[in-house]
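Nothing in this text is a laboratory measurement; each read-out follows from the coordinates by a stated rule. None of the values given here were measured: they were computed from a predicted structure. Here Cβ is always computed from backbone atoms with ideal geometry, including for glycine, and neighbour counts include all displayed protein chains.
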Amino acid sequence: MSATKTYTTRKFTEPAIAIRWLTFWLMSAALVASWFLGREQISQTVYVEPNAEGLAEVGELQLKPNAIGATRIRAEARVPSNHSVTYELRLVDSQGEVVASAMKEAWAQSGTWQEDGESGTWSEDDLGAGLDVRATETESLTLGVSVLDYTTTDGIAVATPVPIEVRASTGVIYRTPLFWGWIVTTILTVIAGEISHAGIGKRAIFRTIPDSDVSARGTLGGPSSLVYMRVTIDSDENTPLSFQPQLWIRNADGEDIYTQTYTLKSSGSGDERKTVLDGYFRLLEKGSYGFYLEVLPDASVDRTTLAVFDRARSSGSVEVTDIENVAIADVDGLTDLEADSQPSGPETEA
C-alpha cells in the first residue's frame with residue numbers, strides 16, 4: 001500500500017491544444033455545411049447563335065444579401081474537338097444595366113501522336129467559365145449568355161448554335177479556402193497532440209540502456225506540477241504478446257513511495273518492435289526522485305528508454321496518480337498499527 005490517489009482530470013490540458021481542437025471541429029463543421037447551404041436556382045442548357053444580337057436569356061436569379069455565401073454561376077460550352085468559342089455571361093438588372101459579366105475563350109483539341117514506333121491519341125479542353133456575385137440588396141437579375149466567336153482551330157467560322165450548360169446557385173460558400181484551412185488545422189492539431197505525448201514541459205530525466213531494467217533520478221514535482229513519464233521498450237521478433245513492466249518511485253532517502261505493475265500489449269511487427277508506456281503523476285512535494293523500471297519478460301528486450309517531464313501538459317483528459325512523499329513501509333506499518341488498535345468484540349464468560 002502507498003499514500004496515493006488516482007483520478008481522471010483535464011486540469012493540465014494545454015490551452016493551445018484545446019483551441020486547435022476547437023478550431024478543427026469548427027472548420028470541419030463549416031466544410032460539411034458548405035455542401036448544403038447553396039440553393040440551386042437555374043440548371044439548363046441553352047443553344048446560342050454565334051454573333052447574334054442581344055443575349056440568349058437563361059433565367060431569373062433572386063439575390064438577397066447574406067452574411068455568408070454568394071451567388072455562383074458556372075457555365076460550360078459543348079463544342080466538338082478542334083473548335084474554339086468565345087462566350088460571355090452577363091447579369092442584367094431590370095433597367096438593362098450590366099451588373100456583372102465574365103468572358104471565356106474556350107477550346108477543345110485532340111489529335112494523334114507517334115514516337116519510337118508507338119502511337120496513340122490525345123485530347124485537351126478548357127470549356128468552363130464562372131462568375132461569383134455578392135448581393136448588397138435584394139434584387140432580381142436576368143442571367144444571359146452570348147457567343148461572340150465560334151470557329152474551328154483552323155480559323156473557319158462556324159454558324160451552328162453552341163450548346164452551353166449553365167448552373168446558378170445562391171448562398172454558396174467558396175470551399176477551397178475552407179478545405180485548405182481544414183488541412184492546415186488538422187496537421188497542427190495532430191502535431192500538437194504528438195508534442196503533448198512527447199512531453200510538453202521540462203525534461204527532468206532521460207536515460208536509455210540496451211537492457212530491460214532502467215533507472216534514473218531527477219529533481220521534480222510539486223503540488224501544481226504534472227509529471228509525465230514515457231517508457232519505450234524496443235524488442236525483437238521474439239516479442240511476447242504482452243509485457244509486465246514494474247515501476248518503483250523512490251524519494252531522496254531511497255525509500256519506495258510508489259510501486260505499480262503494468263500490463264502492456266506489445267505493438268509493432270517484424271524484427272524491430274516498439275511498445276510504449278505513458279504515465280501521469282503528481283509528486284506532491286518537490287524534491288529528488290528516482291524512477292526504477294524492470295520489464296518482464298526480458299528475453300526479447302533490446303533497449304529500454306525512460307523519459308520523465310516536469311510541469312508537463314496533456315492533450316486532454318488523463319488519469320493522474322497523486323503520490324505523497326511517504327515511504328510505503330511507513331504507510332503499511334501505520335495501517336497494521338491501526339488494525340491492531342481496533343477494539344475487539346465483547347468477551348463471553350463461560
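At-a-glance table
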| quantity | calculated |
| --- | --- |
| Interchain or long-range residues, amide H under 5 Å from K286's placed H | G222 |
| Dimensionless Rg ratio for the stretch 234-291, taking C-alpha atoms and the 2.2 N^0.38 Å reference | 1.45 |
| Kirkwood hydrodynamic radius (C-alpha pairs) into Stokes-Einstein, the stretch 50-113, 4 °C and 1.567 mPa s, D in µm²/s | 88 |
| Ranked by how many other beta carbons lie within 10 Å on average, peptides 270-281, 71-82 from highest | 71-82, 270-281 |
| For the stretch 52-63, 3J(HN,Hα) per residue [Karplus equation, 6.51 cos²θ - 1.76 cosθ + 1.60, θ = phi - 60°, Hz, x = Gly/Pro] | 6, 6, x, 9, 7, 6, 9, x, 9, 10, 9, 9 |
| Sequence-distant residues sharing a close amide H with H83 (under 5 Å, placed H) | A108, T153 |
| Trypsin sites (Lys or Arg not before Pro) restricted to DSSP loop in the stretch 84-170 with at most 12 other C-beta within 10 Å | R134 |
